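The values are calculated or read from the model by the stated rules, or taken from the named source; none is laboratory data. Since this is a predicted model, take the numbers as computed values, not measurements. Counting neighbours? That spans all protein chains shown, and the Cβs are built from the backbone with ideal geometry, glycine included. What goes into the accessible areas is simple: the full protein's heavy atoms, side chains included, and nothing from ligands, DNA or RNA. Shrake-Rupley method; radii C 1.70, N 1.55, O 1.52, S 1.80 Å.
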Amino acid sequence: MSKDEHVAAVLNSKEGRTSPPKPFTEGGLINLMKTAGKMVDDEADSEILKEVEGIGTEATRSGIIETIKKNGYLDVKKNIVFSTKKAEILCEAIQGTLLSSPSMTAKWESYLRKIGEGSGSSDTFIQNIKKFVQNLIETMPEKMDSSTIQKAVQQQQDSRMRILFCLESLKKQRKDD
C-alpha cells in the first residue's frame, strides 16, 4: 500500500454483550504469581521470572496470600478474593514504583544469580536494597498526600466518628430509660 491509496473493505457489526472478567480465587492468585513473567514488558525480566517460576515458590505462595489476608489487604467470601480499601490505598501509594511490578523480583533474582556465580557481592545487594527502601521512605509521604488517599483516610475517620457518636447516643438513651 502507498499513501492515499484506496482500499475496499466489507465491515460487519455483531450485536452482543460483554461480560466482566471472572473474579479471582486464591488459586487464581497463586497462578498469577507463578506466571508473573507474562505481565512484564522487559524480555530479560520476563525470562528470569519464567525460569524461577514467578513470584515466591510453590512452598511460599499460599503463605504470602495468607499474610496479605491477615494484614487486612484481602477478604475472601465464598472463595472469591476481594481487595480491601486498605489494599487500594497501598496500590495507589506504590503505583509507578518497582514495588508494583514483578520486575523487582526479576531484578533481585538476576543479582542473586551473579552472587551465586561469584560476579556479584552480597554486600552490594544489601546496600542497593537499603538505598531502594530509603528512597521509598523519602518519597512515600509525597504520594500519601494525594487526594484519593487523603479522601479514603478522611472517610475512614468520619466512619469512626459516626460509630462513636452512635455509641454515645445509645449510652445516653440507656441512662435516660
2 or more residues farther than 30 Å from K151 by Cα and not β-branched (V, I, T): qualifying helices (runs of 4 or more DSSP H) within segment 10-129: 26-34, 43-51, 61-70, 103-117
Where a residue in segment 81-105 is within 16 Å of I68 (Cβ to Cβ) and open to solvent by 50 Å² or more (accessible area, probe 1.4 Å) and its partner, wherever it lies, is at pLDDT 80 or above and of a type in the set (V, I, T), with Cβ under 9 Å and at least six apart: F82/V76; S100/I94
Search segment 112-136 for residues that are within 24 Å of G96 (Cα to Cα) and pair each with any residue that is assigned to a helix (DSSP H, G or I) and open to solvent by 80 Å² or more (accessible area, probe 1.4 Å) when their beta-carbon atoms are under 9 Å apart and the residues are at least 6 apart or on different chains. F125/W108; F125/K114; I129/W108
In segment 6-43, which residues are among the polar types (S, T, N, Q) and within 30 Å of I55 (Cα to Cα)? S19, T25, N31, T35
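Residue-by-condition table, conditions (1) over 22 Å from M104 (Cα atoms); (2) without any contact (Cβ under 8 Å) to a residue 60 or more places away in the chain; (3) open to solvent by less than 50 Å² (accessible area, probe 1.4 Å):
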{"residue": "V7", "(1), (2), (3)": "yes, yes, no"}
{"residue": "V10", "(1), (2), (3)": "yes, yes, no"}
{"residue": "S13", "(1), (2), (3)": "yes, yes, no"}
{"residue": "S19", "(1), (2), (3)": "yes, yes, no"}
{"residue": "T25", "(1), (2), (3)": "yes, yes, yes"}
{"residue": "I30", "(1), (2), (3)": "no, yes, yes"}
{"residue": "K34", "(1), (2), (3)": "no, yes, no"}
{"residue": "V40", "(1), (2), (3)": "no, no, yes"}
{"residue": "E43", "(1), (2), (3)": "no, yes, no"}
Neighbours by Cβ (under 6 Å, 6+ apart or cross-chain): first from segment 54-74, surrounded by fewer than 18 Cβ atoms within 10 Å (Cβ to Cβ); second at pLDDT below 90 and of a type outside the set (S, T, Y): I64/G56; G72/K86
Single residue of segment 132-156 satisfying the filter (surrounded by fewer than 10 Cβ atoms within 10 Å (Cβ to Cβ) and assigned to a helix (DSSP H, G or I)) that is modelled with the lowest pLDDT: S147
Tally the residues that are open to solvent by 90 Å² or more (accessible area, probe 1.4 Å) and under 19 Å from the mean Cα position of the chain (by Cα), restricting the search to segment 106-131. 2
Of all residues in segment 17-38, which are basic (K, R) and either farther than 21 Å from K77 by Cα or under 15 Å from the mean Cα position of the chain (by Cα) (or both)? R17, K34, K38
Across segment 59-104, what is the total count of residues that are closer than 28 Å to N128 by Cα and touching a strand residue (DSSP E or B) at 6+ places or on another chain (Cβ under 8 Å)? 5
Taking the conditions exactly as written (at pLDDT 90 or above and on the phi < 0 side of the Ramachandran plot), does S101 satisfy them or not? no
Hey, K50 hits all of (1) in contact with a Pro (Cβ under 8 Å, 6 or more places away or on another chain); (2) closer than 26 Å to Y111 by Cβ but one; which does it fall short on? (1)
